[in-house]
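The values are calculated or read from the model by the stated rules, or taken from the named source; none is laboratory data. A quick note: this is a predicted structure, and the numbers were derived from the prediction, not measured. Reconstructed Cβ throughout: ideal geometry from the backbone, glycine too, with neighbour counts over all protein chains shown. Areas reflect the complete protein model, heavy atoms only, side chains present, ligands, DNA and RNA absent. Shrake-Rupley method; radii C 1.70, N 1.55, O 1.52, S 1.80 Å.
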2 protein chains.
Amino acid sequence: MMDLRASFDRDWSRFHAEWCELLRFPSISAVPAHHGDCLHCASWLERHLAAIGFAARQLDAGPKPAVYAERKGDAGAPTVLLYGHYDVQPVDPVASWKTPPFEPSLRDGRLFARGAQDNKGQLFYVLKAIETLLRANRLRPTVRILVEGEEECGSVGIAGRLPTWRELLKADYLMVCDTGSPVREAPAIIMGLRGILNLSIRLRGPSHDLHSGVHGGKAPNPALGMARLLASLHDDDGRVRVAGFYDGVREPSAEERRLAGTPPYDAARYRQETGVAAVGGERAYTPAERVGFRPCLDANGMRSGYAGAGVKTIIPADAEAKLTARLVPGQDPQRCLLDIIAHVERHVPEGMALEIVEKGVSGGALRVDPDAPGVAMACAALREVSGREPIRLWEGASIPIVAGLRDVSGAEPILAGFGLEEDSIHAPNESFSIEQFRNGYLYAGLLLQRLGGG
Amino acid sequence: MMDLRASFDRDWSRFHAEWCELLRFPSISAVPAHHGDCLHCASWLERHLAAIGFAARQLDAGPKPAVYAERKGDAGAPTVLLYGHYDVQPVDPVASWKTPPFEPSLRDGRLFARGAQDNKGQLFYVLKAIETLLRANRLRPTVRILVEGEEECGSVGIAGRLPTWRELLKADYLMVCDTGSPVREAPAIIMGLRGILNLSIRLRGPSHDLHSGVHGGKAPNPALGMARLLASLHDDDGRVRVAGFYDGVREPSAEERRLAGTPPYDAARYRQETGVAAVGGERAYTPAERVGFRPCLDANGMRSGYAGAGVKTIIPADAEAKLTARLVPGQDPQRCLLDIIAHVERHVPEGMALEIVEKGVSGGALRVDPDAPGVAMACAALREVSGREPIRLWEGASIPIVAGLRDVSGAEPILAGFGLEEDSIHAPNESFSIEQFRNGYLYAGLLLQRLGGG
């Protein structure tokens, strides 16, 4: 195995200069005014991948192109598909940035810029590790790279095209470095992600707000009706009462439970970080199990009538609520959505009408087999970089495109990254430490050698 | 009994001119820029009452003065207290007015102006009837008049001063002409009003909005918590579940039920006017009984998290709801408020904290004895004016100051007026028909003669 520590020290100043080049593109996918910057960024990446030694091109993927590149490896070696994104979050409030978001600034061992971590930084350390192995003639696998430009807008463009890219994306391993660890001390590998669906509903009552004196006790009240409808979604033990919702959900194995409980849940820290005790959801499971292995149904917001200062004596004409469910493997997202709609329809209060305002299914869930070979190799690489046993994380959040990529590529997902809370991704003053960039570079280099059988 | 039909015809053009003078004051109590106009309007009224033959003066009642006037009647004759208000609603949206709101315009038998009906018009026909009787030497009762300038802002100023005005306001009958009839065909007399209390609450959960993926199933959700809390307020039959809420509430008598059911409830018309069936409130009572004789508890609005378009994957930091209860005689408003707060406190969901944002009790309820002498005389006067049996209305709405005036004056309330839905009070193009002004004048003149034993 090649030790990349020496190559990093030798090439770091060049890596830094190139990384800054990439960060200077204000490739904010959500802001139409930055469309041209996104195109320029994609072209830069295409050229950069070609310079490294890849056959690179752009794929039409809706408004923003995706960059695709391939480099054939040794005969008989496996294929690794690397996924990343070159688009970044908006920079508001821009006045809160200590240095301009698209003028990378190195301070105290950290590079500050929008995208410094998410995902340009984490993408770039993998590219530099690939480049190093290639130049040393140590890259055995075939490597395919897909870098999209709309991840921060929901990956809608590429999601629709995945089925047509099946041949391009076929692989044995799917490598994603867009995650992090909850603690600085140890790296983490993602063992699961939840899927997500959304549903916005409206209850219509009176044709207009009614006088609450003239009509109170006579007209049905949509605010109270919505409250009763939402209250019907869970039982007193926090279990979702929607018929069929848990169909297909598998209990975690003893080993999964053990791993999910390591390190043990820190109640005091959770309260400090969130202001609440972790008492939401199903009582029958621990907090880590609820987030990692159980689906849930939340209200993200609601609105009815007048909620400002003072008294407004009305019976509101309507009430709205926005729901999202997080799903786990075994659940059929489309069927779950229909089950929830059926429940809501059955619970429409008397005198009111239900309207489905919005609904959608953004992707299925992902669960990685703890005994899968890619996971074992990734854990070995993480151990080697950090000297610590990596944390297995069953995440509650969703990266909808990953399940799609897994399905279309047929690859085993390997999700590990070097992000930390301190990086402030999606917030002003995003940054990434040189130390974590280097750890990522070492991890990627070691993993690619292991995957190649090296 | 003096027939006032002839005097109306004789004096109508002068009545009209004076009424227009009163309507030209833009006495909008809610708009600070119109404070001076309110003061000018009060001074005009004071002079006008003095000119009619009253001892008139202004009473300090907070920002806007009240006008008080008295004219001693025959020894042994009863005392009548007339209540009205000279302030008017704002005129927004002023562009919707066909003629300027403070330039009275007579069209198709209706006078258009802000305040044309509410309350300057209905106050003024009583004053003109009093003037007519006085000039004809037919006014037997002692008449006391209180015209306030903050009714449209909740009568807060005079409500606080009522106890200190006990001697000024002492009376046998309290005459209020600030109401109307639901139908053009028959006049109506108000047999009851409900009291009102208000309570705004907030449930606090996480210290900030949390990511619904990372925390879904772990963090308690204030939107769902508020839904469960609000759902706990009523049982499946629409009955309020707050312990103690119905204490002291008396069932309507058979006679009250019969009168409240006359004319019978028109389900089709209710649906047409409101867009809903009258299926709110307690199943055990008819719609008219629920509004007239039963208290109720409504949510006027609620708010939590994000309720706009699209998906925002958060667990909201908090949730707010605004409640009002309508109260009936027998209930102690202050105790009801405490009972509701106690219920809410007992139903705070695990992991959340309750905050009482606002609370208040705006006044007790009012119920008039169907067999009271004043009611009988008012009904006789209404029959004489209209040739129809007056409708007895147990109103669901509140005029909080009336209960206070009844308490401090010791008087029997007589609430009847000639407003109709078509008058568009509180809306652009408010108007009052000359026909209804004339009916009001006749009613007031006949009632004052009957009350004086004439």
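Tabulated values for the structure
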| quantity | calculated |
| --- | --- |
| Cα centroid separation - the range B:284-363 against the range B:13-37, whole Å | 38 Å |
| Simple Cβ-charge dipole of chain A, Lys/Arg +1 and Asp/Glu -1, about Cα centre, in debye nearest 20 | 200 debye |
| Leading residue at positive end of dipole, the range B:167-268 (Cβ point charges), from B:Ile201, B:Ile190, B:Pro220 | B:Pro220 |
| Other protein chain Cβ atoms within 10 Å, averaged over every residue that makes up A:262-272 | 1 |
| For A:279-288, mean number of other protein chain Cβ atoms within 10 Å | 4 |
| Exam field: A:Val183 pseudo-label spacings to other copies (7 Å along Cα-Cβ), nanometres | 7.8 |
| Contact order normalised by residue count of the range A:316-415, Cα under 8 Å, 6+ apart, percent | 31 percent |
| Share antiparallel - DSSP beta bridges, chain B, percent rounded to 5 | 70 percent |
| Too-long pairs where the Cα-Cα distance tops 24 Å, listed order kept, from B:Lys218/B:Lys312; A:Lys322/B:Lys218; A:Lys120/A:Lys359; B:Lys72/B:Lys128; A:Lys170/A:Lys359; B:Lys64/B:Lys322 | A:Lys120/A:Lys359; A:Lys170/A:Lys359; B:Lys64/B:Lys322 |
| B:Arg269, A:Arg392, reordered so the largest accessible area comes first (probe 1.4 Å) | B:Arg269, A:Arg392 |
| Range in chain A, longest, excluding exposed GluC sites (Glu not before Pro) [loop by DSSP; at most 15 other beta-carbon atoms within 10 Å] | A:1-184 |
| Solvent-accessible area per residue for the range A:162-209 (1.4 angstrom probe, square angstrom) | 35 Å² |
| Acute angle (nearest 10 degrees) that the helix A:5-23 long axis makes with the longest principal axis of chain A, alpha-carbon atoms | 50 degrees |
| Relative contact order (percent, whole number), the range B:222-344, Cα cutoff 8 Å, 6+ residue spacing | 35 percent |
| Rounded to 10°, Cα long-axis angle of helix A:400-409 versus longest principal axis of chain A | 50 degrees |
| Charge-dipole axis of chain A as Lys and Arg at +1 and Asp and Glu at -1 on Cβ define it, positive-most pick from A:Pro263, A:Leu134, A:Ala171 | A:Leu134 |
| Ellipticity estimate at 222 nm from DSSP helix runs (n ≥ 4, -39,500 (n - 2.57)) divided over chain A, nearest 500 | -10500 deg cm²/dmol |
| Packing rank of B:300-310, A:321-331, where each peptide gets the mean count of other beta carbons within 10 Å, highest leading | A:321-331, B:300-310 |
| Relative contact order computed over chain B (Cα-Cα under 8 Å; 6+ residues apart), in percent | 26 percent |
| Convex hull projection area averaged over all views, the protein assembly as shown, Cα basis, nm² | 42.2 nm² |
| Dipole magnitude of the protein assembly as shown, debye to nearest 20 (Cβ charges: Lys/Arg +1, Asp/Glu -1, about Cα centre) | 20 debye |
| Nearest-first distances (nm) between copies at A:Ser43, label 7 Å from Cα via Cβ | 7.7 |
| Share, in percent, of DSSP beta bridges within the protein assembly as shown that are antiparallel, nearest 5 | 70 percent |
| Inter-centroid distance (Cα atoms) of the range A:149-213 relative to the range A:368-413, Å | 18 Å |
| 10 Å Cβ neighbours from other chains, averaged over peptide B:325-332 | 1 |
| Sites A:Lys170 and A:Asn137, calculated FRET efficiency, Cβ-Cβ separation with R0 30 Å, nearest 0.05 | 0.75 |
| Computed magnitude of the charge dipole of the range A:232-340 (debye, nearest 20; Cβ of K, R +1, Cβ of D, E -1) | 260 debye |
| Chain B: angle of helix B:333-346 to the longest principal axis, Cα-based, in degrees nearest 10 | 10 degrees |
| Furthest towards positive pole of dipole, A:Val67, A:Phe112, A:Ala381, structure part chain A, Cβ charges | A:Ala381 |
| Label spacing, shortest first and in nm, from A:Glu345 to its equivalents in the remaining copies (7 angstrom along Cα→Cβ) | 4.5 |
